[in-house]
Amino acid sequence: MPYTYNKLKGRITELYGTQGNFAKKVGISKNSMSKKLTCKTEFSQKDIIQWSILLNLSKDEYGEYFFT
């Protein structure tokens, strides 16, 4: 069963307004962002760390946002 990333998407919208704005901040295309959030490509450990910093998430919150 694939992840849904609903909480992650909500946090992105809360802090950056749109996924497109967050994609620019991360330095990836909107298409790449979409593929990660729809489980077409996986998150690397580097992605999780970078995104968590930009979204003000602690290591304790990784599971809630990236593995649900």
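Quick notes
- Selected residue (criterion: farthest from E61 (Cα to Cα)) from residues of the stretch 1-13 that are part of a helix (DSSP H, G or I) and open to solvent by 50 Å² or more (accessible area, probe 1.4 Å): T13
- Index of the failed condition, G27 passing every other in (1) loosely packed, with under 14 Cβ neighbours inside 10 Å; (2) within 9 Å of the chain's Cα centre (by Cα): (2)
The values are calculated or read from the model by the stated rules, or taken from the named source; none is laboratory data. Small disclaimer: the values here were computed from a predicted structure and weren't measured. Backbone-built Cβ (ideal geometry, glycine too); neighbour counts: all protein chains shown. Keep in mind that these areas ignore ligands, DNA and RNA; they rest on the heavy atoms of the full protein, side chains included. Shrake-Rupley method; radii C 1.70, N 1.55, O 1.52, S 1.80 Å.
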